[in-house]
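Nothing in this text is a laboratory measurement; each read-out follows from the coordinates by a stated rule. Quick caveat: nothing in here was measured; it's all calculated off a predicted structure. Here the Cβ positions follow ideal geometry from the backbone for every residue, glycine too, while neighbour counts run over all protein chains shown.
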Amino acid sequence: MTRRLKLGVAGLGRAFMLWLPTLAHHPRLQLVACADPRPEARARFRQDFPGSTAHGSVEALCADPEVEAVYLATPHHHHAAHAIAAARAGRHVLVEKPMAVTVAEAEAMIEAADRAGTVLMLGHSHGQDGPVRHARRLIASGQVGAPRLIHALNFTDFLWRPRRPEEFDRALGGGVVLIQASHQLDVIRVLGGGLLASIRGSAFALDAARPTDGAYTAVATFADGAAATATYSGHGRYDSDALMDWIGETGVRKPPSWPGAARGRLASMRPEEELAARIARGYGGTGQPPGLPPAAPPDFHHHFGFVLVQCEHADLRLTAEGVEIHDDSGLTLERTKLPALPRGEVVEEFCDAVLLGLPPRHDGAWGMATLEACLALTASTRDGREVRLHHQLRFRD
Ligand SMILES: NC(=O)c1ccc[n+]([C@@H]2O[C@H](COP(=O)([O-])OP(=O)(O)OC[C@H]3O[C@@H](n4cnc5c(N)ncnc54)[C@H](O)[C@@H]3O)[C@@H](O)[C@H]2O)c1
């Protein structure tokens, strides 16, 4: 066992809440500081992590001599500035997806980390989920032949959860393309080996009450001739967890949902009430139970909806338990080992990178390639044409 990595958290919102059970209890991490403009979140952090320091700005967090690495979970239009500030201060960075809002920003983040000799890694992305990596290992072993067609589909109520106004603003990365395709196209890139060639897609704003792109569909081609379809809707009617044995995105069994439940909860709220609901759900909000969540192992793997990979000799269906192999001899479920804590694989990879110097698979260049694919989907929608990609790279098997 190596020593604990001293971690500072930038942005104590929904993403941090999802990470909290792992960050608080992982044996390779020690949470030493945070930064957030919200005083109630800072107060809660000091209470939850005695001896920690709570800063009002990311710059102050990065200057804190106790902090070795920063988990960056601020809204995505801040990612570039915050990651560059962290690198300049010599801090390693684990940045939430999407990596940034433009490819130029992503390039500047990579350059800053390279110049400082610090680690820049993406996480959490569903491309890091255990069953995705398991399927990729099966493919890389040659056992099932090359992947030729990948089908990914996810229908959620994403748009009808309490949202910040910026999350509807396309210029700030709002809408489902950046925030959700950065998961789905990442899964597809991992499974297909990374080297996408082009994207042709269409995004749709189907609901005047949620004025942003709420759904998309895309065809991606790989340099080796393989192809993938990616379909997502956050409009809150059909729920594709029906295809995942009613296990939700975070690996928790859930009751079958009914159409319109999330819409019904939000439809009558005014914008300021919705923002208040969002803050209440967040860290330090009135809706948060006291104390830290327990260190509980996950019941199932995280997932990003239905994924089927048609390979030369078998079809692979990803489930919340592992990988189903459908081949000429029948159906086999290969269970994937669960991490001791949810998203533990991401922490292990980040700690290995910072403490042991092992290169992470989801590094800055990988993150930029996924971002490029997401932005191409938006460009394809706007221009009505296929968009060629230029920043793609191979997955490090
Ligand atoms: N991997 C996942 O499953 C996942 C899930 C949720 C969000 N995310 C990502 O995490 C990021 C944050 O999203 P969120 O849903 O947590 O948003 P959020 O609005 O819930 O939280 C953002 C937090 O950042 C704080 N903040 C805002 N400006 C800041 C600044 N200048 N300095 C420091 N803190 C600042 C806010 O006060 C808030 O506490 C986004 O990029 C999003 O895509 C990832």
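Computed on region 1-122, the Cα convex hull volume stands at 95 Å³ per residue. Taken one residue at a time, the phi angles of region 76-84 give Karplus couplings (6.51, -1.76, 1.60, θ = phi - 60°) of 5, 6, 9, 4, 4, 4, 6, 5, 5 Hz. Gly and Pro are set to x.
Given 10 °C and 1.306 mPa s, compute D for region 170-235 with the Stokes-Einstein relation, Rh being the Kirkwood radius over Cα pairs; round to the nearest whole µm²/s. Kindly include the intermediate steps, with their values, before the conclusion.
On the way: Rh = 12.4 Å.
Rounded to a whole number, D works out at 128 µm²/s.
If you take all C-alpha pairs in region 253-366, what percent of them are over 18 Å apart? List each step's numbers first, then the result.
Details: 4755 of 6441 pairs.
Everything past 18 Å amounts to 74 percent.
Direction-averaged projected area, Cα convex hull, region 318-397: 8.6 nm², rounded to one decimal. In Å, the Kirkwood hydrodynamic radius of region 71-204 over pairs of distinct alpha carbons? For region 71-204, inverting the mean 1/r across all distinct Cα pairs yields 16.5 Å. For region 181-286, the Kirkwood radius over C-alpha pairs fed into Stokes-Einstein at 10 °C and 1.306 mPa s yields D = 96 µm² per second. If you wrap the Cα atoms of region 1-71 in a convex hull and average its projected area over all directions, you get 4.4 nm². Springs join every pair of Cα atoms under 10 Å in this Gaussian network model of the chain, and among D315, D207, D363 the largest mean-square fluctuation is at D207. In percent, rounded to a whole number, the relative contact order of the chain is 21, using alpha-carbon pairs under 8 Å and six or more apart.
The mean sequence separation of alpha-carbon pairs under 8 Å and at least six residues apart, normalised by the residue count of region 191-300, gives a relative contact order of 16 percent.
Counting Lys and Arg as +1 and Asp and Glu as -1, each charge on the Cβ, what is the dipole of the chain about the Cα centre in debye, to the nearest 20?
Numbers: 42 positive and 45 negative charges, 118 e Å.
Here the chain has a charge dipole of around 560 debye.
With the simple spin-label model, which puts each label point 7 Å out from Cα in the Cβ direction, the A60 to R148 separation comes to 6.0 nm.
The share of C-alpha pairs in the chain whose separation exceeds 25 Å stands at 56 percent. Would you pull out the residues with amide H under 5 Å of L29's amide H, same chain only if 5 or more places away, H placed 1.01 Å from N? Counting only residues 5 or more places away or on other chains, the set is L5. Take the alpha-carbon centre of region 324-380, take the same for region 28-105, and report the distance between them in whole Å. The distance from the Cα centre of region 324-380 to that of region 28-105 comes to 23 Å. Across all directions, the shadow cast by the convex hull of region 141-210 built on its C-alpha atoms averages 6.4 square nanometres.
Please list the three semi-axes, largest first and in whole Å, of the ellipsoid equivalent to region 90-154, using sqrt of 5 times the eigenvalues of its alpha carbon gyration tensor. Could you put the intermediate results ahead of the total?
Working: eigenvalues 184, 42, 28 Å².
In descending order the semi-axes read 30, 15, 12 Å.
Comparing Cα centroids, region 162-189 and region 109-160 end up 16 angstrom apart.
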